[in-house]
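**Student:** Dumping the structure here so I can ask a few things about it.
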Amino acid sequence: MPGDFFKGKNVLITGGAGSIGSEIARKLLSYRVGVVRVLDIDEEAQFELSQELRSRSNVRFLIGDVRDKERIKRAMEDIDIVFHVAALKHVPSCEYNPFEAVKTNVLGTQNVIEAAIEEEVEKFITISTDKAVNPINVMGATKLLAEKLTISANYYKGPRKTAISCVRFGNVLGSSGSVVTVFAKQISRGESVTITEPNMTRFVMTIERAVELVLKATQLSAGGEIFIFKMPAVRIGDLAEVMIEELAPRYGHRPSEVRREIIGIRPGEKFHEELMTEEESVWAQETEDMFIVRPPVELPDVMLKKPGEILRKPLTEEYLSAKRMRLTSKDARLLNKHEIKKLLRECNILQ
């Protein structure tokens with residue numbers, strides 16, 4: 001049971017006031033953890049979350065930036081598990097602010113990893129994105145490097161005990177800045193719904209499901225894995241149509257009167273996203289709800305805590321090898337409009 005694993009643990013969440021980080025915090029608090037430290041640079045988001053969780057005595061709110069290593073080191077004291085969620089995540093923003101993206105997504109990740117190694121935390125999980133796979137934009141490239149730093153840190157750390165892994169998934173519906181929040185605001189205001197390309201596809205998942213699998217991956221982590229969540233995909237045009245059909249009448253509009261404006265692909269965007277490359281699939285094992293990409297390089301001499309004791313435990317006996325494949329949103333199972341409607345209701349978008 002997840003609650004048994006996390007019970008009594010001290011947890012740090014970077015980017016903890018954001019959509020995913022805050023949901024991780026809520027879930028962990030239901031498992032009777034020792035303490036949850038929510039570290040974030042966004043003071044307003046911190047305040048809102050602190051008001052929501054004000055009855056909890058075991059949650060701490062820390063203002064801090066992952067670019068500030070000294071702040072991270074202090075936040076990391078006596079921590080057992082780290083969820084590194086903090087990132088600059090918007091593709092156009094990173095395209096126009098590339099040096100800032102490097103400072104947060106790359107150097108910030110290095111700071112958090114180094115602090116975790118120095119403190120010898122038990123588990124370290126970096127939250128990644130499908131845009132890190134064969135990246136064509138600055139955001140994806142910085143997240144790819146963040147993944148590489150995370151996985152290779154298992155070799156860099158020497159005999160220290162920290163198991164350092166990644167989780168990778170696609171779009172989380174209802175998270176801050178997601179396309180559904182943009183569509184919902186445009187429909188409520190009677191504005192044109194701006195669609196990049198109707199046939200563009202994206203992997204999608206609810207926040208609750210994403211966090212459930214993040215916590216499951218944390219339990220399974222032995223160090224060096226990339227946990228890739230299985231996700232369905234949607235066509236952006238279908239998503240927009242469902243939201244217009246459902247939301248327009250609530251704001252006094254006829255769906256047929258809502259203007260659809262095709263604006264084209266934005267700077268740095270892909271037409272279809274990828275979750276796993278064919279090369280990664282060679283090293284992957286498969287469970288019901290995720291792929292687990294094992295590191296292709298084994299360095300057992302640095303995985304030894306003491307003579308004869310190896311920290312890494314192979315998963316080969318527990319899980320089947322994955323098929324050799326390239327996992328893309330173009331080839332994934334596409335949700336029909338009824339399924340999209342159901343998913344949006346689960347996210348409270350259509351409530």
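**Student:** Among the residues of segment 64-80, count how many are part of a loop (DSSP other than H, G, I, E, B) and among the hydrophobic types (A, V, I, L, M, F, W, C).
**Tutor:** So the first thing to find is which residues in segment 64-80 are part of a loop (DSSP other than H, G, I, E, B), and the list is 64-68, 76-80.
Now restrict to residues that are among the hydrophobic types (A, V, I, L, M, F, W, C): 66, 76, 79.
Number satisfying all stated conditions: 3.
**Student:** Among the candidates S128, S176, single out the residue that is in contact (Cβ under 8 Å) with a residue 60 or more places away in the chain, part of a loop (DSSP other than H, G, I, E, B) and of a type in the set (G, A, S).
**Tutor:** On the way: S128 fails: part of a loop (DSSP other than H, G, I, E, B).
It is S176.
**Student:** Right, next: For segment 131-163, name all the residues that are touching a residue at least 24 places away in the same chain (Cβ under 8 Å), in a helix (DSSP H, G or I), out of contact with any Ser or Thr (no Cβ under 7 Å at 6 or more places or on another chain) and among the hydroxyl-bearing types (S, T, Y).
**Tutor:** Scanning segment 131-163 gives T142, Y155, Y156.
**Student:** Just name the residue that is surrounded by the most Cβ atoms within 10 Å (Cβ to Cβ) out of those in segment 31-76 that are farther than 16 Å from V11 by Cα and polar (S, T, N, Q).
**Tutor:** Filtering segment 31-76 for residues that are farther than 16 Å from V11 by Cα and polar (S, T, N, Q), the one surrounded by the most Cβ atoms within 10 Å (Cβ to Cβ) comes out as Q46.
**Student:** Is there a residue being within 24 Å of G268 (Cα to Cα), β-branched (V, I, T) and part of a helix (DSSP H, G or I) anywhere in segment 222-241?
**Tutor:** Yes; the residues of segment 222-241 include at least one that is within 24 Å of G268 (Cα to Cα), β-branched (V, I, T) and part of a helix (DSSP H, G or I).
**Student:** Still on this model: Among the residues of segment 331-351, write down those that are in contact with a Lys or Arg (Cβ under 8 Å, 6 or more places away or on another chain) and assigned to a loop (DSSP other than H, G, I, E, B).
**Tutor:** L350, Q351
**Student:** Filter segment 186-208 for residues that are assigned to a helix (DSSP H, G or I) and under 24 Å from the mean Cα position of the chain (by Cα) and give the result.
**Tutor:** I207, E208
**Student:** Next question. Of the numbered conditions (1) under 16 Å from L344 (Cβ atoms); (2) in a helix (DSSP H, G or I); (3) among the aliphatic types (A, V, I, L, M), L215 fails exactly one; give the number of that condition.
**Tutor:** Of the numbered conditions (1) under 16 Å from L344 (Cβ atoms); (2) in a helix (DSSP H, G or I); (3) among the aliphatic types (A, V, I, L, M), the odd one out for L215 is (1).
A quick yes/no check of all residues on (1) surrounded by 15 or more Cβ atoms within 10 Å (Cβ to Cβ); (2) under 30 Å from V121 (Cβ atoms); (3) modelled with pLDDT of 50 or more; (4) over 22 Å from the mean Cα position of the chain (by Cα):
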| position | (1), (2), (3), (4) |
| --- | --- |
| M303 | yes, yes, no, yes |
| P307 | no, yes, no, yes |
| R312 | yes, yes, no, yes |
| Y319 | yes, yes, yes, yes |
| R324 | no, no, yes, yes |
| N336 | no, no, yes, yes |
| I340 | yes, no, yes, no |
| C347 | yes, no, yes, no |
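**Student:** Applying the selection to segment 242-288, what residues are surrounded by fewer than 17 Cβ atoms within 10 Å (Cβ to Cβ), among the charged types (D, E, K, R) and in a loop (DSSP other than H, G, I, E, B)?
**Tutor:** The answer is R254, R259, R266, E288.
The values are calculated or read from the model by the stated rules, or taken from the named source; none is laboratory data. From a predicted model like this one, the values you see are computed outputs, not experimental measurements. Methodologically, a virtual Cβ is constructed for each residue, glycine included, from the backbone with ideal geometry; neighbour enumeration extends over all protein chains shown.
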